[in-house]
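Worksheet for the structure shown next.
The values are calculated or read from the model by the stated rules, or taken from the named source; none is laboratory data. Predicted model only: the values in this text are computed from it and were never measured. Quick reminder, even Gly has a Cβ in these numbers, built from the backbone with ideal geometry, and neighbours come from all protein chains shown.
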Amino acid sequence: MLSAIASLISPFGGWIVAALGIIAAFLGAYFKGRSSGTQAAQQAQTQGRLNAIEAKRESDNALDKATPSDVDKQLDKWMRP
């Protein structure tokens with residue numbers, strides 16, 4: 001059985017090795033691209049979180065500096081009549 005398979009493969013051995021090399025190269029590029037895409041997405045999420053934290057900090061600082069009457073005016077915009 002094994003000798004029959006070997007006799008079929010031997011004339012095409014070079015082609016099989018070349019095909020396997022090409023497949024390995026494509027798979028390597030695919031997985032590298034996926035890894036890079038994952039890292040880019042994580043960086044984008046981290047940047048979005050940092051932007052949200054900074055916006056909240058600015059909002060809190062503005063609220064801390066506001067007078068009580070200004071705070072009441074801002075709160076009235078959000079309350080139902």
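Restricting the first member to the stretch 2-18 and to residues that are surrounded by 10 or more Cβ atoms within 10 Å (Cβ to Cβ), and the second to residues that are at pLDDT below 70 and in a helix (DSSP H, G or I), the beta-carbon pairs closer than 7 Å and six or more apart or on different chains are I16/I9.
Against the list (1) in a helix (DSSP H, G or I); (2) surrounded by fewer than 10 Cβ atoms within 10 Å (Cβ to Cβ), the condition R80 fails is (1).
Are any of the residues in the stretch 65-75 loosely packed, with under 10 Cβ neighbours inside 10 Å and among the hydroxyl-bearing types (S, T, Y)? Yes, there is a match, as at least one residue in the stretch 65-75 is loosely packed, with under 10 Cβ neighbours inside 10 Å and among the hydroxyl-bearing types (S, T, Y).
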